[in-house]
1. Considering only residues that are closer than 20 Å to Thr39 by Cβ and in contact with a Gly (Cβ under 9 Å, 6 or more places away or on another chain), look in region 82-106 and name the one that is surrounded by the most Cβ atoms within 10 Å (Cβ to Cβ).
2. If you take the residues in region 27-53 that are within 13 Å of the chain's Cα centre (by Cα) and hydroxyl-bearing (Ser, Thr, Tyr), which one is farthest from Phe97 (Cα to Cα)?
Amino acid sequence: MKLWFIESLALLMICTPVFAHHGSTAYDTNKVVVLKGATVTKYVWANPHVIITFDVKDEKGNVQHWSAEAGTPQAVVLSGWSKTSVQPGDVISVYLFQSKTGNLVGRLNKIVLADGSELRDSALGYKEAEGEGKK
């Protein structure tokens with residue numbers, strides 16, 4: 001009985017970080033950051049998250065390299081995404097919840113393609129932006 005308890009406790013301790021990953025606590029979900037004129041550098045259609053990396057110029061004209069994650073491919077396809085929705089070289093506007101650390105990473109709220117169509121994230125993409133955010 002004692003051995004079973006110790007093994008169960010050990011298993012729970014190992015699994016806890018896995019469950020912790022799937023929250024949004026790493027991102028400031030109270031503020032949408034808006035990055036217009038972003039050029040896609042990579043689009044990864046894979047589990048556990050769809051990832052878009054892109055370059056955007058800051059206020060001083062310096063290029064910043066950003067990464068943003070969305071839900072799983074299976075989840076975002078329900079919002080209209082496909083594995084060919086975005087291609088390197090595409091110029092898009094990105095609305096995201098930035099990392100609380102200030103790093104240039106975030107959770108997607110939505111992207112706006114060159115034709116004006118929007119693709120929203122499955123988990124947080126339905127929260128509307130308040131104000132313009134950063135540009």
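1. The residue in question is Leu96.
2. Looking at the filtered set, the residue picked out is Tyr43.
None of the figures in this text is laboratory data; all of them are computed from the coordinates on show. Remember, predicted model here, so these are calculated numbers, not experimental data. Heads up, the Cβs are rebuilt from the backbone with ideal geometry, glycines too, and the neighbour counts pull from every protein chain shown.
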